[in-house]
Amino acid sequence: MIRHLCVLALLVSVGGPAVAGAQAVQNATLRRAQQAYDNLEYRQVVSLAQAALRERLTGPERARAYELLGFTYGALDSILKAVDAFKQVVLIDPERQLDPNRVSPKAYSAFDVALRQVLLVRQLRVDSTTFVGGRGAVPIRFTVTQPARVVTRAIGGGGSFVIDSGAWNGQVNLSWPARLASGDPIPAGTYTVVVEARLGQNTFSAAQPIRVSHGSVDTLQSLTSLPGYQYLPETEVPPQSWRPLGLAFLYTGGALVGTLGLESSSLGSSSKRELAVVGGAALVTGFVMTLRKPAPRPAAANILYNRLLRDQIARRNQDIAKENVARRQQVQLTLVPLPKPGGAGPR
Amino acid sequence: MSRAAAGVALLVLTSPAVLAQRVAVTVGPQFVLASYREVAAGLRYQGTGFGGAVSARYRKFSVEADVVRLTLDPTTGSAATSGFTATEVSAWVAYDLATYASVEAGFVRRTVDPEFDAQSVGAVRIGARSFYEIGPGATVLFRANYLAAPKFSGGGHAAFSIDLGLGLDVRLAGRLHGTAGYTFQRINRKTNPGGTGEIDAPIQATVARVGLAVGF
């Protein structure tokens, strides 16, 4: 049973270097070391990897050689030596990360200890973002492997700006408003976000290039109507009625009664021909108007409602105009991280 | 009112400067029917004539004037032996107190020819009128005026004189209006011929005007 577990542990521990071994290795000694590791010939791995390290290697090859040593020492239970080897790995490649599901727990713990024994700034990330100057911030994340004094700067053609300065350890999340001391947004251009950690004599820095561009803020359009509210007709046609004829009767009757009442008794009854002509015309007009569609008349409630609606829209448009004045003075910042040219390293 | 003054008033009311001030002006000719009685039931006349009317409105103020020239002849059974010609000028200035009522003041002057065949009259009008739009472009009007300080060519005075009117204005098409007006006038004239004591010499006239008008 114990033998089975050991075989299983060996198989698991082989997973990490096997994957890493897929990378192109030019150095022959290093290739033989990798082959020896694949064949579980750990003594030979140690000697071949150390021999390779004495040869001329590229950075990734050197990191690979130390990684092979780290895994091999882990498999041989030489934890301290494994930690030392992994320290060299992360110093060469600070972003190196092991998958805990694919490497042996011994190797992973040795790698973890190595990380905590070396001052590193890892996994520096600046997210792509767009915001109006003064109303947003750029998220910046990184990990410091030891408690250290960390200064974060943005350095570029527009100048050098301190983003943050403080004592940090572990995962750090910063928000950078990208503004000058005057409150104006930083000038457009290419910058490099540099995170520098200092612990005693040890320093480490990581960098991430970014591009900052300026754009105008979209202005708002004036309103011509409010959603859900519509203007109502300001006139309404009253229902048809006998009112026109009634009024014609009333006015004609008034003239007739007045004439009859005011006639002089000594002069006798006056001629009604004139009243008949005009009164008849009035009555006919009243009758025709009764049959006709009534004239539209102002709808007071609708007029008031429309006035309120117009006032409301005018008030909103005044607010929009003020907002647009402010928006025209604002700058939309767009920040995009650029590919790293060289990476980072200890100084 | 002289013809020259009437012409000037018409020109002023229809001038472009006045019209530009959102003044609604109508002017047009009228055909007139009239009957006239004076002193006693037997002295009665009827006739026809022509005239013209002009009116203007600016906000709550309105002005109206009409002129008619009538030829009146004795009616059948009349004691009169000959007719006469009358020219009547009426004018009003009114101010709206409400959307359907206004107060008005003006004058009326009626002259006759030959001069002593009937009474020439001049008086000041003071009264009120009511008007109502009974339909689109159709307005009916009723007027009551007290005729103050009447003067007569044959002398005398009148303590009570009144003028009633009925009017109609219908917009026929565009700027063209049809107009009709009725006036009943009763003047309680009293005279004192030769100082023998006052006698009644009432005057009663009715006039109907039908015509067209153009609105500006």
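General observations
- Whichever residue in segment B:126-175 is among the charged types (D, E, K, R) and farther than 23 Å from residue B:85 by Cβ and, among such residues, is farthest from the other protein chains (Cβ to nearest Cβ): B:175
- For residue A:268, the test of being facing chain B (nearest Cβ under 7 Å), under 25 Å from residue B:205 (Cβ atoms) and either open to solvent by less than 30 Å² (accessible area, probe 1.4 Å) or of a type in the set (A, V, I, L, M, F, W, C) (or both) is passed.
- Test: residue in segment A:227-237 that is part of a loop (DSSP other than H, G, I, E, B), in contact with a Leu (Cβ under 9 Å, 6 or more places away or on another chain), closer than 30 Å to residue A:310 by Cα and of a type in the set (Ser, Thr, Tyr): yes
- Residue in segment A:248-264 that is free of Cβ contacts under 8 Å to residues at least 12 places away in the same chain, more than 14 Å from residue B:184 (Cα to Cα), more than 7 Å from chain B (Cβ to nearest Cβ) and in a helix (DSSP H, G or I) present: yes
- Residue within segment B:68-82 that is under 24 Å from residue B:146 (Cα atoms), modelled with pLDDT of 90 or more and open to solvent by less than 60 Å² (accessible area, probe 1.4 Å) present: yes
- Of the residues A:203, A:285, the single one that is at the interface with chain B (Cβ under 9 Å from one of its Cβ atoms), open to solvent by less than 30 Å² (accessible area, probe 1.4 Å) and either at negative phi or assigned to a loop (DSSP other than H, G, I, E, B) (or both) is A:285.
- Index of the failed condition, residue B:58 passing every other in (1) open to solvent by 20 Å² or more (accessible area, probe 1.4 Å); (2) at pLDDT 90 or above; (3) touching a Gly at 6+ places or on another chain (Cβ under 8 Å): (3)
- Members of segment A:167-179 found to be part of a strand (DSSP E or B) and either touching a residue at least 40 places away in the same chain (Cβ under 8 Å) or of a type outside the set (Ser, Thr, Tyr) (or both), listed by number: A:167, A:168, A:169, A:170, A:171, A:172, A:173, A:174, A:176, A:179
- Any chance residue A:219 is hydroxyl-bearing (Ser, Thr, Tyr) and either open to solvent by less than 80 Å² (accessible area, probe 1.4 Å) or under 30 Å from residue A:141 (Cβ atoms) (or both): yes
- Taking the criterion of being open to solvent by 30 Å² or more (accessible area, probe 1.4 Å) and not small (Gly, Ala, Ser), the residues of segment B:137-161 that qualify are B:139, B:141, B:142, B:146, B:151, B:157, B:160.
- For segment B:112-123, filtering for residues that are among the β-branched types (Val, Ile, Thr) and closer than 16 Å to residue B:156 by Cα leaves 1.
- Selected residue [open to solvent by 70 Å² or more (accessible area, probe 1.4 Å) and at pLDDT 90 or above] from A:194, A:278, A:212, A:257: A:257
- Filtering segment A:291-307 to residues that are open to solvent by less than 60 Å² (accessible area, probe 1.4 Å), free of Cβ contacts under 8 Å to residues at least 60 places away in the same chain and more than 8 Å from chain B (Cβ to nearest Cβ) leaves nothing.
- Summed over segment B:182-214, residues that are more than 10 Å from chain A (Cβ to nearest Cβ) and either in a helix (DSSP H, G or I) or touching a Leu at 6+ places or on another chain (Cβ under 8 Å) (or both) total 6.
- Out of A:94, A:100, A:60, sole residue that is in contact with a strand residue (DSSP E or B) (Cβ under 6 Å, 6 or more places away or on another chain) and within 28 Å of residue A:340 (Cα to Cα): A:94
- Scan of segment B:89-118 for residues that are open to solvent by 20 Å² or more (accessible area, probe 1.4 Å) and within 14 Å of another protein chain (Cβ to nearest Cβ), ordered by number: B:99, B:100, B:101
The values are calculated or read from the model by the stated rules, or taken from the named source; none is laboratory data. On a predicted model such as this, the values are computed, not experimentally measured, just so you know. Cβ sites come from the backbone with ideal geometry, for glycine too, and all protein chains shown count toward neighbours. Only protein heavy atoms, including side chains, enter the accessible area calculation; ligands, DNA and RNA are left aside. Shrake-Rupley method; radii C 1.70, N 1.55, O 1.52, S 1.80 Å.
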